[in-house]
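Asks: Next up is a structure, given as structure tokens.
The values are calculated or read from the model by the stated rules, or taken from the named source; none is laboratory data. As the structure is a computational prediction, the values presented were derived from the model and not from experiment. All Cβ positions, glycine included, derive from the backbone under ideal geometry; neighbour counts span all protein chains shown.
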Amino acid sequence: MTKPMFITLEGCEGVGKTSNMEFIKSMLQENNINFIETREPGGTPLGESLRAMLLGEDFKGMSDDTELMLMFAARAEHVAQVIKPALEKGQWVLCDRFTDATYAYQGGGRQLDIKRIEGLENWVLGDLRPDLTLLLDAPISVGRERAGKRSTPDRFEQEMDGFFNRVRDTYLNRAKADANRMKVVDASGDLLAVQNQIREIIKGFM
Ligand code: TMP
């Protein structure tokens, strides 16, 4: 059996994660790959409850440290109950956001100490890391315009441009530092142009 792959999808708000996730799924299906689809924060009943707390209005004023630790609490549950068991069974895992989002949002956006994130990452993940990460990248103004057309903004979507510029810069710096794993997709164009880039990356990867 070939090694099952762990693929993650990342990007700021409004870059088209949802439609491109569908596209990646259809590529995996066409290639008869047995996979599960999941997301963060979330992916387990406990994680989805934490997601509601993290994105909703009830705990709007939570401290940045609380936010960081809840992200990792949801991830610990997700890794133990869903991701590792799937990979052990030989299933590929396609995950909408993972630890790169913590570096980008809590590290870049909230400006928390990266060493704390690294410590939590090593604790919670052990040696588990994504095999491939697709970073959908577009200028913040483009994403905002697209996201603005959707429903009420969540706790993160209410942040200012300065926050999102730091998120984007952190993602791009991580991609530069780990270019083998993390591939930048220019998501500023139309869906077809974005999908063509994704197809090439996934084809090369498979
Ligand atoms: P989304 O997956 O629907 O885009 O929403 C999840 C939100 O949570 C998004 O604004 C990014 C944020 N987030 C973090 O701040 N840190 C994390 O570690 C993860 C996984 C998500």
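Asks: Taking the condition surrounded by fewer than 16 Cβ atoms within 10 Å (Cβ to Cβ) and free of Cβ contacts under 8 Å to residues at least 40 places away in the same chain, does Asp161 pass?
Replies: Here the answer is yes, as Asp161 does meet what is asked.
Asks: Any chance you could count how many residues in region 24-41 are within 22 Å of Leu55 (Cβ to Cβ), crowded, with 18+ Cβ neighbours inside 10 Å and either touching a strand residue (DSSP E or B) at 6+ places or on another chain (Cβ under 7 Å) or of a type in the set (S, T, N, Q) (or both)?
Replies: Adding up the residues that qualify gives 3.
Asks: Now for a separate question. Quick check on region 1-16: of everything there that is buried (at least 19 other Cβ atoms within 10 Å of the Cβ) and of a type in the set (D, E, K, R), which residue is modelled with the lowest pLDDT?
Replies: Taking the candidates together, the pick is Glu13.
Asks: When Gln111 is evaluated against the numbered criteria (1) more than 10 Å from the ligand (Cβ to nearest atom); (2) within 21 Å of Asn165 (Cβ to Cβ); (3) without any contact (Cβ under 8 Å) to a residue 40 or more places away in the chain, which criterion, by number, is the only one it fails?
Replies: The failed condition is (3).
Asks: Yes or no: region 171-187 includes at least one residue that is β-branched (Val, Ile, Thr) and either surrounded by fewer than 16 Cβ atoms within 10 Å (Cβ to Cβ) or more than 11 Å from the ligand (Cβ to nearest atom) (or both).
Replies: Checked region 171-187: at least one residue is β-branched (Val, Ile, Thr) and either surrounded by fewer than 16 Cβ atoms within 10 Å (Cβ to Cβ) or more than 11 Å from the ligand (Cβ to nearest atom) (or both).
Asks: Can you run down the residue pairs with Cβ atoms below 6 Å, 6 or more apart or on separate chains, where the first is in region 188-206 and over 27 Å from Asn34 (Cβ atoms) and the partner is assigned to a helix (DSSP H, G or I)?
Replies: The qualifying pairs are Ser188/Val142.
Asks: Taking region 21-80 as the search range and keeping residues that are of a type in the set (Gly, Ala, Ser) and free of Cβ contacts under 8 Å to residues at least 12 places away in the same chain, which one is farthest from the ligand (Cβ to nearest atom)?
Replies: Ranking the candidates gives Ser26 first.
Asks: Which one of Gly42, Gly119 is at positive phi and not hydroxyl-bearing (Ser, Thr, Tyr)?
Replies: None of the other options fit; the residue is Gly42.
Asks: Does region 121-139 hold any residues that are buried (at least 18 other Cβ atoms within 10 Å of the Cβ) and part of a loop (DSSP other than H, G, I, E, B), and which are they?
Replies: Correct list: Pro130, Ala138.
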